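Colleague: First the structure, which I've put down as C-alpha coordinates, then a few questions once you've had a look.
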Amino acid sequence: MHTKGTCCCSFEDYKLTTEWLLNQTSHRPKVAVICGSGLGLLADGAANKQTFKYQDIPHFPVSTVPGHEGRLVFGMIEDTPCVFMQGHFHLYEGYSLCQVTFPVRIFKLMGVELMLVTNASGGICPDFKVGDIMIIKDHINLPGFAGQHPLCGPNDERFGIRFPSMSDAHSKDLRGLVLDVGVELGCSDFIREGVYCMVSGPNFETIAEARMLQVLGCDSVGMSMVPEVTVAKHCGLRVLGLSLITNKVSLDYSREEKVNHEEVLEICKMRAEVLQKIVTKLITRCQQQSINTH
Ligand code: HPA
(Lines give C-alpha, C1' and ligand atoms only; values in the text may rest on other atoms or scores of the structure.)
Protein backbone atom coordinates (compact mmCIF):
# COMPACT_ATOMS: atom_id res chain seq x y z
CA MET A 1 0.00 0.00 0.00
CA HIS A 2 2.80 2.41 0.93
CA THR A 3 5.06 2.10 -2.04
CA LYS A 4 7.21 5.14 -2.75
CA GLY A 5 5.78 7.78 -5.05
CA THR A 6 2.15 6.74 -4.78
CA CYS A 7 -0.72 8.57 -3.17
CA CYS A 8 -3.06 8.49 -1.33
CA CYS A 9 -3.79 6.96 2.07
CA SER A 10 -7.45 6.28 2.79
CA PHE A 11 -9.17 7.22 6.04
CA GLU A 12 -9.25 3.49 6.84
CA ASP A 13 -5.43 3.34 6.60
CA TYR A 14 -5.07 6.17 9.10
CA LYS A 15 -7.66 4.56 11.36
CA LEU A 16 -6.04 1.16 11.25
CA THR A 17 -2.62 2.53 12.20
CA THR A 18 -4.13 4.64 15.00
CA GLU A 19 -6.07 1.72 16.43
CA TRP A 20 -3.01 -0.52 16.19
CA LEU A 21 -0.94 1.98 18.19
CA LEU A 22 -3.66 2.67 20.75
CA ASN A 23 -4.00 -1.08 21.28
CA GLN A 24 -0.25 -1.42 21.89
CA THR A 25 0.14 1.46 24.34
CA SER A 26 -1.78 3.00 27.20
CA HIS A 27 -0.24 6.42 26.43
CA ARG A 28 -2.74 8.97 25.09
CA PRO A 29 -0.52 11.79 23.79
CA LYS A 30 -1.65 15.42 23.77
CA VAL A 31 1.60 16.75 22.30
CA ALA A 32 3.55 15.42 19.30
CA VAL A 33 7.18 16.34 18.70
CA ILE A 34 8.78 15.77 15.32
CA CYS A 35 12.53 15.60 15.87
CA GLY A 36 14.68 16.71 12.94
CA SER A 37 18.01 15.29 11.72
CA GLY A 38 20.31 14.55 14.65
CA LEU A 39 17.74 15.90 17.13
CA GLY A 40 16.24 12.60 18.25
CA LEU A 41 17.67 13.28 21.71
CA LEU A 42 14.60 15.43 22.38
CA ALA A 43 12.76 12.28 23.47
CA ASP A 44 15.40 11.32 26.03
CA GLY A 45 13.96 13.49 28.78
CA ALA A 46 10.58 11.74 28.68
CA ALA A 47 9.56 9.35 31.46
CA ASN A 48 7.82 5.98 31.21
CA LYS A 49 8.83 5.59 27.58
CA GLN A 50 7.45 3.09 25.11
CA THR A 51 9.13 2.82 21.72
CA PHE A 52 8.02 1.46 18.35
CA LYS A 53 10.24 1.08 15.30
CA TYR A 54 8.61 2.59 12.21
CA GLN A 55 9.07 -0.67 10.36
CA ASP A 56 6.85 -2.44 12.91
CA ILE A 57 3.96 0.03 12.64
CA PRO A 58 1.38 -0.80 9.97
CA HIS A 59 1.50 1.63 6.99
CA PHE A 60 4.30 3.72 8.51
CA PRO A 61 7.03 4.77 6.06
CA VAL A 62 10.66 4.05 7.05
CA SER A 63 13.28 6.82 7.22
CA THR A 64 16.39 6.36 5.06
CA VAL A 65 18.54 9.34 6.14
CA PRO A 66 21.66 9.00 8.35
CA GLY A 67 20.96 10.74 11.67
CA HIS A 68 17.28 9.76 11.57
CA GLU A 69 16.57 6.90 13.92
CA GLY A 70 13.12 5.84 12.71
CA ARG A 71 11.27 5.34 15.99
CA LEU A 72 8.06 6.54 17.55
CA VAL A 73 8.50 7.15 21.27
CA PHE A 74 5.62 7.63 23.69
CA GLY A 75 6.42 9.15 27.08
CA MET A 76 5.59 11.72 29.71
CA ILE A 77 7.11 15.19 29.99
CA GLU A 78 6.11 15.97 33.58
CA ASP A 79 2.30 15.62 33.46
CA THR A 80 1.94 15.85 29.70
CA PRO A 81 1.60 12.68 27.61
CA CYS A 82 3.73 13.11 24.48
CA VAL A 83 4.71 11.24 21.35
CA PHE A 84 8.06 11.84 19.66
CA MET A 85 9.01 11.03 16.08
CA GLN A 86 12.72 10.23 16.04
CA GLY A 87 13.34 10.74 12.36
CA HIS A 88 10.89 11.90 9.76
CA PHE A 89 10.31 11.58 6.02
CA HIS A 90 11.41 13.81 3.17
CA LEU A 91 10.35 14.46 -0.38
CA TYR A 92 13.96 13.87 -1.50
CA GLU A 93 13.85 10.29 -0.18
CA GLY A 94 11.25 9.53 -2.85
CA TYR A 95 8.21 9.52 -0.59
CA SER A 96 4.95 11.08 -1.67
CA LEU A 97 3.76 13.99 0.46
CA CYS A 98 0.92 11.77 1.59
CA GLN A 99 3.51 9.44 3.11
CA VAL A 100 5.62 12.30 4.48
CA THR A 101 2.60 13.64 6.37
CA PHE A 102 1.04 10.27 7.28
CA PRO A 103 2.08 10.46 10.98
CA VAL A 104 0.45 13.88 11.45
CA ARG A 105 -3.03 12.52 10.83
CA ILE A 106 -2.27 9.61 13.11
CA PHE A 107 -1.42 12.15 15.82
CA LYS A 108 -4.73 13.90 15.19
CA LEU A 109 -6.72 10.66 15.44
CA MET A 110 -4.84 9.73 18.63
CA GLY A 111 -6.03 12.97 20.27
CA VAL A 112 -2.92 15.16 19.90
CA GLU A 113 -3.66 18.91 20.14
CA LEU A 114 -0.26 20.48 19.73
CA MET A 115 2.56 19.61 17.34
CA LEU A 116 6.14 20.82 17.83
CA VAL A 117 8.55 20.47 14.93
CA THR A 118 12.31 20.83 14.98
CA ASN A 119 14.62 20.78 12.02
CA ALA A 120 17.90 22.03 10.61
CA SER A 121 18.17 24.85 8.13
CA GLY A 122 20.67 27.08 6.44
CA GLY A 123 20.73 30.72 7.54
CA ILE A 124 19.97 33.28 4.84
CA CYS A 125 19.39 36.30 7.09
CA PRO A 126 22.83 37.96 7.38
CA ASP A 127 22.33 38.48 11.13
CA PHE A 128 21.97 34.77 11.83
CA LYS A 129 24.86 32.77 13.23
CA VAL A 130 25.52 29.04 13.08
CA GLY A 131 23.95 27.53 16.21
CA ASP A 132 21.09 30.05 16.39
CA ILE A 133 17.64 28.62 17.05
CA MET A 134 15.05 30.24 14.84
CA ILE A 135 11.44 30.28 15.99
CA ILE A 136 9.48 29.81 12.80
CA LYS A 137 7.21 32.80 12.46
CA ASP A 138 5.95 31.86 9.03
CA HIS A 139 6.93 29.70 6.08
CA ILE A 140 7.07 29.62 2.30
CA ASN A 141 5.92 26.38 0.73
CA LEU A 142 8.06 26.50 -2.41
CA PRO A 143 7.28 22.91 -3.55
CA GLY A 144 3.61 23.73 -2.91
CA PHE A 145 3.78 26.56 -5.47
CA ALA A 146 4.76 23.95 -8.03
CA GLY A 147 1.95 21.56 -7.11
CA GLN A 148 3.93 19.37 -4.69
CA HIS A 149 1.39 19.98 -1.96
CA PRO A 150 0.13 17.45 0.61
CA LEU A 151 -3.47 18.69 0.38
CA CYS A 152 -3.75 18.35 -3.40
CA GLY A 153 -6.22 15.68 -4.40
CA PRO A 154 -9.64 14.80 -2.97
CA ASN A 155 -10.28 16.57 0.34
CA ASP A 156 -11.38 14.42 3.29
CA GLU A 157 -13.71 16.64 5.35
CA ARG A 158 -13.15 14.36 8.36
CA PHE A 159 -9.71 16.00 8.62
CA GLY A 160 -10.40 19.55 7.48
CA ILE A 161 -11.84 21.96 4.96
CA ARG A 162 -10.96 22.19 1.26
CA PHE A 163 -9.40 25.66 1.42
CA PRO A 164 -7.73 26.07 4.81
CA SER A 165 -6.22 29.38 5.90
CA MET A 166 -2.47 29.29 6.56
CA SER A 167 -2.12 32.90 7.70
CA ASP A 168 -1.71 31.80 11.33
CA ALA A 169 0.03 28.46 10.75
CA HIS A 170 2.59 29.08 13.49
CA SER A 171 0.96 29.84 16.83
CA LYS A 172 1.67 33.35 18.07
CA ASP A 173 1.09 32.37 21.72
CA LEU A 174 3.57 29.55 21.50
CA ARG A 175 6.15 31.71 19.75
CA GLY A 176 5.87 34.18 22.61
CA LEU A 177 6.24 31.37 25.11
CA VAL A 178 9.50 30.21 23.50
CA LEU A 179 10.90 33.71 23.88
CA ASP A 180 9.99 33.64 27.60
CA VAL A 181 11.50 30.18 28.02
CA GLY A 182 14.65 31.41 26.24
CA VAL A 183 15.04 34.21 28.79
CA GLU A 184 14.56 31.77 31.69
CA LEU A 185 17.13 29.37 30.31
CA GLY A 186 19.59 32.18 29.59
CA CYS A 187 19.72 31.45 25.87
CA SER A 188 17.95 34.48 24.39
CA ASP A 189 21.23 35.44 22.71
CA PHE A 190 20.80 32.74 20.14
CA ILE A 191 17.02 32.57 19.84
CA ARG A 192 15.75 34.34 16.72
CA GLU A 193 12.52 34.54 14.80
CA GLY A 194 12.12 34.31 11.06
CA VAL A 195 10.58 32.98 7.88
CA TYR A 196 11.51 29.44 6.83
CA CYS A 197 11.42 28.34 3.22
CA MET A 198 11.11 24.71 2.20
CA VAL A 199 12.89 23.40 -0.88
CA SER A 200 12.72 19.78 -1.97
CA GLY A 201 16.49 19.14 -1.91
CA PRO A 202 18.50 16.94 -1.88
CA ASN A 203 21.13 19.35 -3.18
CA PHE A 204 21.92 22.45 -1.17
CA GLU A 205 21.08 25.69 -2.96
CA THR A 206 23.03 27.33 -5.74
CA ILE A 207 24.15 30.85 -4.96
CA ALA A 208 21.61 32.26 -7.43
CA GLU A 209 18.82 30.24 -5.75
CA ALA A 210 19.91 31.41 -2.31
CA ARG A 211 19.91 35.02 -3.48
CA MET A 212 16.43 34.56 -4.91
CA LEU A 213 15.20 33.21 -1.56
CA GLN A 214 16.70 36.19 0.22
CA VAL A 215 14.87 38.59 -2.10
CA LEU A 216 11.66 36.65 -1.39
CA GLY A 217 11.96 37.36 2.34
CA CYS A 218 13.28 33.99 3.57
CA ASP A 219 15.46 33.97 6.67
CA SER A 220 16.37 30.30 6.44
CA VAL A 221 16.00 27.36 4.06
CA GLY A 222 15.56 23.65 4.69
CA MET A 223 14.18 20.48 3.17
CA SER A 224 11.39 19.52 5.55
CA MET A 225 8.61 20.49 7.93
CA VAL A 226 6.26 22.54 5.74
CA PRO A 227 4.16 19.57 4.51
CA GLU A 228 3.71 18.33 8.09
CA VAL A 229 2.80 21.81 9.33
CA THR A 230 0.32 22.28 6.48
CA VAL A 231 -1.44 18.98 7.20
CA ALA A 232 -1.42 19.67 10.95
CA LYS A 233 -2.98 23.08 10.45
CA HIS A 234 -5.56 21.60 8.06
CA CYS A 235 -6.74 19.17 10.74
CA GLY A 236 -6.80 21.78 13.51
CA LEU A 237 -3.56 21.13 15.42
CA ARG A 238 -1.67 24.01 16.96
CA VAL A 239 1.85 24.19 15.62
CA LEU A 240 5.22 25.50 16.68
CA GLY A 241 8.39 25.09 14.63
CA LEU A 242 11.98 25.56 15.78
CA SER A 243 14.74 25.52 13.21
CA LEU A 244 18.37 25.15 14.13
CA ILE A 245 20.68 27.20 11.90
CA THR A 246 23.38 24.67 11.08
CA ASN A 247 25.21 26.63 8.39
CA LYS A 248 25.21 29.93 6.62
CA VAL A 249 23.90 29.69 3.08
CA SER A 250 26.35 30.96 0.46
CA LEU A 251 25.10 34.21 -1.03
CA ASP A 252 28.43 35.31 -2.38
CA TYR A 253 30.44 33.89 -5.30
CA SER A 254 33.72 34.66 -3.55
CA ARG A 255 32.90 32.44 -0.55
CA GLU A 256 34.86 29.19 -0.64
CA GLU A 257 33.18 27.11 2.09
CA LYS A 258 30.64 24.52 1.07
CA VAL A 259 27.90 23.12 3.30
CA ASN A 260 27.71 19.36 3.89
CA HIS A 261 25.45 17.00 5.82
CA GLU A 262 28.16 16.11 8.37
CA GLU A 263 28.48 19.77 9.35
CA VAL A 264 24.70 19.95 9.75
CA LEU A 265 24.71 16.92 12.09
CA GLU A 266 27.64 18.31 14.07
CA ILE A 267 25.78 21.54 14.88
CA CYS A 268 22.66 19.55 15.76
CA LYS A 269 24.73 17.58 18.27
CA MET A 270 26.09 20.79 19.75
CA ARG A 271 22.63 22.26 20.31
CA ALA A 272 20.59 19.09 20.97
CA GLU A 273 20.78 19.49 24.73
CA VAL A 274 19.61 23.08 24.86
CA LEU A 275 16.86 22.35 22.35
CA GLN A 276 15.73 19.51 24.58
CA LYS A 277 15.58 21.91 27.53
CA ILE A 278 13.58 24.46 25.55
CA VAL A 279 11.11 21.84 24.27
CA THR A 280 10.69 20.28 27.72
CA LYS A 281 10.09 23.61 29.42
CA LEU A 282 7.75 24.69 26.68
CA ILE A 283 5.62 21.56 27.03
CA THR A 284 5.48 22.00 30.80
CA ARG A 285 4.45 25.63 30.38
CA CYS A 286 1.77 24.73 27.86
CA GLN A 287 0.34 22.26 30.37
CA GLN A 288 0.41 24.87 33.14
CA GLN A 289 -1.26 27.50 30.98
CA SER A 290 -3.51 24.99 29.16
CA ILE A 291 -2.22 26.60 26.00
CA ASN A 292 -2.34 23.32 24.16
CA THR A 293 -6.07 22.94 24.54
CA HIS A 294 -8.36 24.88 22.26
N1 HPA B 1 19.87 24.31 2.67
C2 HPA B 1 18.83 23.46 2.69
N3 HPA B 1 18.60 22.63 3.69
C4 HPA B 1 19.40 22.68 4.77
C5 HPA B 1 20.51 23.56 4.81
C6 HPA B 1 20.74 24.42 3.71
O7 HPA B 1 21.69 25.22 3.68
N8 HPA B 1 21.12 23.36 6.01
C9 HPA B 1 20.41 22.40 6.66
N10 HPA B 1 19.38 21.98 5.91
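Colleague: Among the residues of the stretch 110-129 satisfying the criterion of being touching a helix residue (DSSP H, G or I) at 6+ places or on another chain (Cβ under 7 Å) and closer than 30 Å to L72 by Cβ, which is farthest from the ligand (Cβ to nearest atom)?
Modeller: Taking the candidates together, the pick is M110.
Colleague: In the stretch 146-192, how many are basic (K, R) and out of contact with any strand residue (DSSP E or B) (no Cβ under 7 Å at 6 or more places or on another chain)? Full working, then the answer.
Modeller: To start, the set of residues in the stretch 146-192 that are basic (K, R) comprises 158, 162, 172, 175, 192.
Remaining after also requiring out of contact with any strand residue (DSSP E or B) (no Cβ under 7 Å at 6 or more places or on another chain): 158, 162, 172.
Of the residues in the stretch 146-192, 3 are basic (K, R) and out of contact with any strand residue (DSSP E or B) (no Cβ under 7 Å at 6 or more places or on another chain).
Colleague: Return the pairs, sorted by first residue and then second, in which the second residue is among the β-branched types (V, I, T) and crowded, with 21+ Cβ neighbours inside 10 Å, the first residue lies in the stretch 78-92 and is farther than 24 Å from S121 by Cβ, the beta carbons are less than 7 Å apart, and the residues are 6+ apart or on different chains.
Modeller: Filtered contacts from the stretch 78-92: T80/V31; T80/I283.
Colleague: Can you tell me which residues in the stretch 172-208 are acidic (D, E) and in a helix (DSSP H, G or I)? Can you show your working first?
Modeller: Taking the stretch 172-208 and keeping what is acidic (D, E), we get 173, 180, 184, 189, 193, 205.
Answer for the stretch 172-208, where residues must be acidic (D, E) and in a helix (DSSP H, G or I): D173, D180, E184, D189.
Colleague: Being within 11 Å of the ligand (Cβ to nearest atom) and part of a helix (DSSP H, G or I) narrows it down to one residue among V229, V264, V221; which is it? I'd like the intermediate steps shown before the answer.
Modeller: Numbers: V229 fails: within 11 Å of the ligand (Cβ to nearest atom); V221 fails: part of a helix (DSSP H, G or I).
It is V264.
Colleague: Name the one entry in G194, G144 that is crowded, with 19+ Cβ neighbours inside 10 Å and more than 16 Å from the ligand (Cβ to nearest atom). Break it down into steps so the answer makes sense when it comes.
Modeller: Numbers: G194 fails: more than 16 Å from the ligand (Cβ to nearest atom).
Residue meeting the stated conditions: G144.
Colleague: Of the residues in the stretch 110-151, how many are in contact (Cβ under 8 Å) with a residue 12 or more places away in the chain and over 23 Å from S188 (Cα atoms)?
Modeller: 14
Colleague: Can you find even one residue in the stretch 67-83 that is within 23 Å of K281 (Cβ to Cβ), within 16 Å of the ligand (Cβ to nearest atom) and among the small types (G, A, S)?
Modeller: So far as the stretch 67-83 goes, no, none of its residues is within 23 Å of K281 (Cβ to Cβ), within 16 Å of the ligand (Cβ to nearest atom) and among the small types (G, A, S).
Colleague: Could you tell me which of the residues R211, R285, R255 is assigned to a loop (DSSP other than H, G, I, E, B), surrounded by fewer than 22 Cβ atoms within 10 Å (Cβ to Cβ) and among the charged types (D, E, K, R)? Full working, then the answer.
Modeller: Numbers: R211 fails: assigned to a loop (DSSP other than H, G, I, E, B); R285 fails: assigned to a loop (DSSP other than H, G, I, E, B).
Criteria check complete, one pass: R255.
Colleague: Applying the selection to the stretch 83-118, what residues are in contact with a His (Cβ under 8 Å, 6 or more places away or on another chain) and among the hydrophobic types (A, V, I, L, M, F, W, C)?
Modeller: Within the stretch 83-118, the subset in contact with a His (Cβ under 8 Å, 6 or more places away or on another chain) is 83, 86-88, 97, 99-100, 102-103, 113.
Correct list: V83, L97, V100, F102.
Colleague: May I ask you to list the residues in the stretch 197-208 that are more than 10 Å from the ligand (Cβ to nearest atom) and exposed (fewer than 13 other Cβ atoms within 10 Å of the Cβ)?
Modeller: T206, A208, listed by residue number.
Colleague: Given (1) within 16 Å of the ligand (Cβ to nearest atom); (2) in contact with a helix residue (DSSP H, G or I) (Cβ under 8 Å, 6 or more places away or on another chain), where does V178 come up short, assuming only one miss?
Modeller: Answer for V178: the failing condition is (1).
Colleague: Residues in the stretch 233-250: is at least one at pLDDT below 90 and either surrounded by 16 or more Cβ atoms within 10 Å (Cβ to Cβ) or assigned to a strand (DSSP E or B) (or both)? Don't jump to the end; show me each part of the working.
Modeller: Going residue by residue through the stretch 233-250, those that are at pLDDT below 90 are none.
No - not one qualifying residue is present in the stretch 233-250.
The values are calculated or read from the model by the stated rules, or taken from the named source; none is laboratory data. Because the structure is a prediction, the values reported are computed rather than measured. Cβ atoms come from the backbone with ideal geometry, glycine included; neighbour counts cover every protein chain shown.
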